[in-house]
């Protein structure tokens with residue numbers, strides 16, 4: 001099972017930047033996007049249809065904001081959303097259920113300057129933790145993928161000292177991430193790249209940041225411990241342009 005996550009920073013914008021060619025080339029079983037920024041009705045049907053795939057679209061109520069989308073060529077047992085209106089109204093989370101595990105495609109809220117939405121974000125984080133706890137009690141695996149909008153530790157961004165009071169690196173967010181992993185969930189990409197710097201997935205459009213690799217690692221696949229032995233490949237497609245984020249990929253045996 002090859003599973004891809006990508007914050008595209010606008011679905012209609014990415015269409016003009018080679019997205020459809022990339023989609024076919026990546027040849028994934030599940031592709032989850034974040035920040036699609038469009039209602040499904042605003043997108044040409046042919047731009048949503050890929051042979052052999054079923055599409056699930058979860059737009060925010062507010063046009064041009066947030067939203068997530070999923071394509072799967074393996075029929076899921078079920079598809080759902082979070083079922084919590086303040087998060088569903090922003091298209092924050094989609095859930096595909098398969099026989100062995102769930103895949104959650106998530107666009108975590110940005111906590112914003114001066115912690116303006118930090119409480120909202122932490123509430124979302126806690127709902128993700130609750131979902132994982134419930135799934136594991138059912139003896140079912142979980143894969144959380146998406147833009148977490150959190151650089152967990154200092155190695156996960158280029159300039160940690162100057163970003164101590166920046167959204168995405170607030171201590172409260174980082175402490176939640178630490179507790180999430182302490183609960184048993186596994187940041188497998190970091191585990192496979194222990195101590196390795198420069199493993200970023202987002203770069204500002206300013207100051208030629210991407211070319212200089214001045215970025216943040218905020219896009220993840222975090223998985224339940226029962227799935228760790230299933231992982232065969234992990235990849236950041238830093239060479240894929242079109243967004244200020246790059247696609248991140250995890251491949252499992254089944």
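The values are calculated or read from the model by the stated rules, or taken from the named source; none is laboratory data. As the structure is a prediction and not an experimental result, all values here were calculated from the model. Reconstructed Cβ throughout: ideal geometry from the backbone, glycine too, with neighbour counts over all protein chains shown.
Is it true that residue 132 is modelled with pLDDT of 95 or more, within 25 Å of residue 175 (Cα to Cα), part of a strand (DSSP E or B) and touching a strand residue (DSSP E or B) at 6+ places or on another chain (Cβ under 7 Å)?
Criteria not met by residue 132.
Does residue 234 satisfy the condition of being outside any helix (DSSP H, G or I), in contact with a helix residue (DSSP H, G or I) (Cβ under 8 Å, 6 or more places away or on another chain) and either within 18 Å of residue 163 (Cα to Cα) or at pLDDT 95 or above (or both)?
Yes.
When you check residue 214 against the structure, is it more than 27 Å from residue 119 (Cβ to Cβ), touching a residue at least 40 places away in the same chain (Cβ under 8 Å) and under 18 Å from the mean Cα position of the chain (by Cα), yes or no?
Here the answer is no, as residue 214 does not meet what is asked.
Looking only at the range 178-192, which residues are touching a residue at least 40 places away in the same chain (Cβ under 8 Å) and closer than 15 Å to residue 155 by Cβ?
Hits for the range 178-192 are 181, 189, 192.
State yes or no: is residue 220 buried (at least 21 other Cβ atoms within 10 Å of the Cβ) and in a helix (DSSP H, G or I)?
In short, no.
Condition check ((1) touching a strand residue (DSSP E or B) at 6+ places or on another chain (Cβ under 9 Å); (2) surrounded by 17 or more Cβ atoms within 10 Å (Cβ to Cβ)) across all residues:
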| residue | (1), (2) |
| --- | --- |
| 194 | no, no |
| 204 | yes, no |
| 239 | no, no |
| 243 | yes, yes |
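Could you look through the range 99-129, keep only residues that are free of Cβ contacts under 8 Å to residues at least 60 places away in the same chain, more than 17 Å from the chain's Cα centre (by Cα) and in a loop (DSSP other than H, G, I, E, B), and pick out the one that is nearest to residue 6 (Cα to Cα)?
The extreme case among them is 112.
Residues of the range 150-167 being surrounded by fewer than 16 Cβ atoms within 10 Å (Cβ to Cβ) and touching a helix residue (DSSP H, G or I) at 6+ places or on another chain (Cβ under 6 Å), which ones?
Scanning the range 150-167 gives a single hit, 160.
Select, from 77, 26, 8, 95, the only residue that is surrounded by fewer than 21 Cβ atoms within 10 Å (Cβ to Cβ) and either in contact with a helix residue (DSSP H, G or I) (Cβ under 6 Å, 6 or more places away or on another chain) or without any contact (Cβ under 8 Å) to a residue 40 or more places away in the chain (or both).
77
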